[in-house]
1. Is region 317-420 best put as rounded, prolate or oblate by its Cα gyration tensor, with a ≥ b ≥ c the root eigenvalues, rounded for a/c under 1.5, and otherwise prolate when a/b is larger than b/c, oblate when not?
2. Using unit Cβ charges (K, R positive; D, E negative) and no other charged atoms, how large, in debye to the nearest 20, is the dipole of the chain about its Cα centre?
3. Just need the relative contact order of region 184-300 here, percent rounded to a whole number, with Cα pairs under 8 Å and 6+ apart.
4. Which order do Lys242, Lys519 fall in if you start with the one that has the fewest other Cβ atoms within 10 Å?
5. Name the aspartates and glutamates eligible as straight-distance cross-link partners of Lys161: C-alpha to C-alpha under 13 Å, and not fewer than 8 places from it in the same chain.
6. Out of Gly222, Gly111, His202, whose Cα points farthest toward the positive end of the dipole of the chain (charges: +1 Lys, Arg; -1 Asp, Glu; placed on Cβ)?
7. Local charge sum around Asn360 (other residues, Cβ-Cβ under 14 Å, Lys/Arg +1, Asp/Glu -1)?
8. Mind checking Rg over Rh on region 461-578, alpha carbons, Kirkwood formula for Rh?
Amino acid sequence: MVMETVASLWSLIPLLIVVGAVAGGAQPAPVRPGQIYEHKDTRDLVALVNNAAEVVSTKGEAAFAEFRVAGSRWRQGETYIFVLDPQGNMLVHPDPALDGKNVLDLKDVNGRPIIRGIIAAVTTLPNKQEGWYHYQWPVPDGLLPRWKSTYARLVTAPSGKRYIVAAGMYNDRMERAFVVDAVTDAVGQIEKNGKAAFALFHDPTGPFLVKDAYIFVVDRNGVDLVNPGFPNLEGRNILDVKDTQGKPLIREMLEVAEASGSGWVDYMWPKPGESVSTLKSTYVSKAQMGDQWVLVGCGVYLADAPKVAPVQRKMTAPELMALVREGAAVFEKEGEKAYPAFRKKGSKWFHGDTYFFVWNMDGTLVFHAADPAIEGRNDSGIKDVQGRPFGKMILEAANSPSAEGWVHYMYPEPGGIFPTWKSTFVKRVTFPSGEQHIIGCGIYNMQMDKAFIEDVVNRAAALVSSEGSAAFGQLRDKKGPFVFMDTYVFVETPKGTELVNPATPSLEGKNLINLKDLKGRPVNQEEIAAAMKDGSAWVDVYWYKPGTNEPAHKLTYVRKVQYGGDTYIVGSGVYLED
């Protein structure tokens, strides 16, 4: 589930100077709108880079000797300087064994080009000689890959040669400055390349998809031109989209851009896997594209952003399961005669955005409490915005040995156009006529729950027990039922070898038996021992919750699975809110 110790080559990223004859002059780091750092460690990092850049600009290559001194301000712990030429050849590094190696093509665990990206951050746009680049990599001697943010400066030495001075830090938190930097780069790409730049914003290995942030582009009339988060909206007019508090956020973004050229718009929006809205800040800017301007933006959930109190308490996963099972008893007794009761708004069966639907076993929608107009439609092949075939998933869950299960997918709320995570519990029932149907009920933005994890692990375990390693491809499928929100299923051997890990495929084949969490507990050993002893178990883990730098309590559910003579441990985890 996490990575073994990384070879010294990969530990070169924290602080770097890239040597090269790159065009452009040495200038002080410009201060751009919104370039304010909320966190002290970010401010310290930027100051360190600026100081190092000043040394290079005054002393030139002689500064490299200072950077080699162990224990100096330039080389402490995870932070140190190394030198590369523009072809990626290592010229200076704390580890002499790395000198002379070419690392230009170094990539992170998801294929994001690290060295090329850092160089591009300060050389791509002629008037921008500083910037941020983000990628994922384990800390030195660490395990799980974490987001790393590198700040870089382009400077000129007295010799006339140009260098890139940079420093990196492991930082799961987003800063407003990171978003400003991304929008500035995106504006530059659009003004330079026009619509041809749009493909860059969709590239999963490019610099514009970072953590939960992405670039979007909207024209002056409110037509969505680029939206990697919700590609189904591209080409649609979203001018009247409102946040969860009724704020017309697109209109406000356009007004800010037109009046000031750039600025911030705050609004309330649920984080993936959370049931309440959190303050989200979006930086927007004008970009000239041909003879018209377009709006370019990028949003971020800031650390400790305030959340809105829910208007009404949402049902928990166990409560929804109980409701569907209760509804199943009614349908099995009354069949189609129960439809009027399930259409009644304000009843236990239909309140707010919680309602029932009924399918035939071939996927034909025969009853939909919220939208009777779509009854008669066959939804067996329906997919969500991410290409997730949730129609097929519903049929598979209903046809499973348990005849019930959870299906997670992205779908717009009634009256909305932005898809959001929806968790639906479905169950196979038999009407008095003897005909089988599938009933279901879902909740939007449902809080992650242990019930989801047990359900997905139990279904994965059943699949592995019937197919063995032949099931691994289905478990890895990021559009399948075993990967949703930040949740995925992993498989390992009783000796600790990772066999399946959709989140970090590079871990597969590695032995993680000695993995320890943030409290030093041998969590892999504990998980394996619990599963082997009891068949299934919940195990406590302490790790960084995505989006924070603080240790968080994570629960992992594991099951022992037998296929022929092979034994597997199947599991998945969840961070639960306090």
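1. Working: a/c = 1.43, a/b = 1.18, b/c = 1.21.
Rounded, since a/c falls under 1.5.
2. Roughly 320 debye for the chain.
3. 25 percent
4. Numbers: Lys242 14, Lys519 11.
In order of increasing Cβ crowding within 10 Å: Lys519, Lys242.
5. Glu61, Asp85
6. Most positive-ward Cα: Gly222.
7. Computed value for this residue: -3.
8. 0.95
Coordinate-derived values only; no laboratory data. No experiment lies behind these values; they were computed from the predicted model shown. Positions of Cβ are backbone-derived with ideal geometry, glycine not excepted, and every protein chain shown enters the neighbour counts.
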